[in-house]
1. Could you give the length gained by full extension between T120 and S21, i.e. 0.36 nm per residue of separation minus their alpha carbon distance, to one decimal place?
2. Under unit Cβ charges (Lys, Arg +1; Asp, Glu -1), what dipole magnitude, rounded to 20 debye, does the chain have relative to its Cα centre?
3. Each label point is 7 Å from the Cα along the Cα-to-Cβ direction; what then is the distance between the points at E622 and N432, in nm?
4. Would you kindly calculate the translational diffusion coefficient of segment 578-634, applying Stokes-Einstein with the Kirkwood radius from alpha carbon pairs, for 20 °C and a viscosity of 1.002 mPa s, and quote it in µm² s⁻¹ without decimals?
5. Which of the pairs K419/K561; K597/K661; K573/K657 have their Cα atoms more than 22 Å apart in this structure?
6. Go ahead and estimate [θ] at 222 nm for the chain from helices alone: -39,500 (n - 2.57) per DSSP H run with n ≥ 4, summed, over the residue count, rounded to 500.
7. Starting from 0 in steps of 10 Å, tell me what percent of the Cα-Cα pairs of segment 357-427 lands in each bin.
8. What FRET efficiency comes out for A164 versus E99 if R0 is 56 angstrom and r is the Cβ-Cβ distance? Round to the nearest 0.05.
Amino acid sequence: MKAFCFAICLMLSSFLWSQNSISVYCAQVNEDGSTTLYYETAEGSGFVEYVISAYSDVEGAYSRVGETTDINQDSYTDNVRNANLEQIRYLVTADFGEERRPFGYIRTIYLTSVLNNDNTVSLSWTSMGSDTPAGSENKPYKIYRKLKRQDTEWQLLASQTQRAYTDNLPAICSDSVLYKIELENDNNCVSRSNQVLHVIGDSEIPNMPTLQRISVDQNSQQIFLEWIPSTSDDVMGYVVCSGEPCVTLDTIWGSDASSYTCEECSAEQINSLAVMAFDTCFNTSLRTDRHSNMVLSLQRENCSDRVNLSWNEYEGFDVQRYEIYKQEGTSAFTLVGNTQSLNYQVTIDATIPNYSFYVVAVGNNNINSFSNAKALTISSAQQPEFVEIRKVSVKDKNQGVELEFFVDASIVVNKYRLKRAENGGEYRVIANIAYTGDNTVQYVDNISLENNKNDYSYIFEAPDACNLVYKASRPATIMRLELTEVDRNTNALSWNAYNSWDNGVGVYEIYRQPESEPAPVLCGTSGSSSFTDFMGDVITASDKTNYYVRAVEATAGNDGKVQTALSTRASIKRETVIFIPNAFTPRAAEGNNEIFKPTCYFVKQGTYSMKIYNRQGALIFESRDTEIGWDGTFKGEYCHPNTYIYVIEFVNSDGEKEIRKGTFALVE
């Protein structure tokens, strides 16, 4: 009986509880912060309304936020409280008047978030606590994300029981990201948190590249830039801009790009260029300092051998110095000087028709910048029509060289130049000869050729109308005479051919002058550069004999003259030799030793003397001619056979006086 009564009481208690409670299935926070509640509908008569109340922290009690009189309505949206700002606890009551008022509780899920600097979002949310709907107690929280621009649907990030989550955002240039939390239950009703929103995007600018130089390619003459790339990871390319404000010229794609050739830029103009890096979100870095190229200009006055170079200052790095390079014709460029100023003067050779120049700004760390190359063409001034050496003639005693030139005097110049080379060496200027207005110009080179065995050649040069470029004559060489003794009676002569005349040499005249003779005599002619002189007929005439050669032009030259030129003088000195007989026979037939006479070679003329004495010391004969001897007579009578004394005096070839004494026999 007691057991039956307990069962009846338990059933009555369950019935009374079911009549006094309402199951609230879920609370869904809408985008505008309103909350829609889903709940179990009530049954029975006497229904008045559903009352929706929300707890107020200020009042410390629940306050009505809404109601509905439709007993079959199973949801209600609260537009009074804003669930985007806080967690809200709701009380849903079914009012049946005094008979009964069943009710139920639920809390919203309140989501908060923090956007971190490392491109992550930290999420955390509240628990529904004791008001967790039935069937949700062991369910995981589901974390959703939605990118407004990219996603059309919410993306499930994770399912977990913990109430905190960190989301690693993808690389996004610009977007808004939304998050929400959902908790399911067994009634197929999902509680949903408020949504949190963050505006995200890559607004960080990349690191600036380092512009190293602006320069001119010497082959293409195009402007180019070089820089050190940005150190940022997401660089996608670079922008080159010009001027102030910096107007974009071109875009260079690639994070590793480090150079650019500007086809629009003229190397003849100053270009002020800078570089910026841009990333995958097209954020641009700060602009580098502008660099400005050098533009070279040059000026040369007419008839000047000086070129004035000038250029603008290089802007972009500290310049240590400016180096100047020059090219002659098609040869390689060579360094001609350096300066810290913005101008430089270069001396040129006006005989070279084409020059090119450029300037290099030298900075630290071996960073250089080239200017444009500037070409210079040298226009030829009026040249003399003819420049000739008409005569190179050695003066007497080898004391100097007489020269005569024939030059176009219609071009008024400052001076002529005479050059001389020694033994085939380099020609060097030995004289500047004044312009006289005459076509014929003469000069004496006072060089001693005595005991001087060097060969000398000459070139005569006349300048153009600018006195810069000299036109040279053909070389002319002195005739160097060489003399060799073949035997006591014969001398061999040789000389270098005279080479100054276009018409050539007609004949060579060979002149000989014994020292005792007042003037030279023509001893022969030659059509070549050698001659053999037999001088037996003058062998005793002198101890020393001089020679020279006279070249005679074949026909008249451009000056209307038949020129002549003399060689160097050469001499030969023989050793004095005297043969004195020891006997003679005056009465013998002619040609049989009938005259006492020494045979003399190379005795200085005018110094010879021979005296004959008898044994008593009386002078019986005297002669001052080497060709006149004693015939053995005295006062018209033959002398008796006996021994006689001779005394012979003369000056030898060394200029020394000699006396020879001795005896000889007169025999019949």
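The values are calculated or read from the model by the stated rules, or taken from the named source; none is laboratory data. Just so you know, these numbers come straight off a predicted model, no measurement behind them. FYI the Cβ positions are ideal-geometry reconstructions off the backbone, even for glycines, and counts take in every protein chain you see. Remember, those area values only see protein heavy atoms, side chains included, never the ligands or the DNA or RNA. Shrake-Rupley method; radii C 1.70, N 1.55, O 1.52, S 1.80 Å.
1. On the way: separation 99, 0.36 × 99 = 35.64 nm, distance 4.38 nm.
Value of the extension gain: 31.3 nm.
2. Values: 55 positive and 86 negative charges, 618 e Å.
Charge dipole of the chain: 2960 debye, to the nearest 20.
3. 6.8
4. Details: Rh = 12.3 Å.
Reported coefficient: 174 µm²/s.
5. Numbers: K419/K561 24 Å; K597/K661 14 Å; K573/K657 16 Å.
Going by Cα-Cα distance, K419/K561 fall outside the 22 Å limit.
6. On the way: 1 runs with 17 residues, N = 668.
Using -39500 (n - 2.57) per qualifying helix, the result is -1000 deg cm²/dmol.
7. Percent of pairs per bin, in order: 12, 24, 19, 15, 15, 10, 4, 0.
8. On the way: r = 46 Å, r/R0 = 0.83.
Once rounded, the FRET efficiency stands at 0.75.
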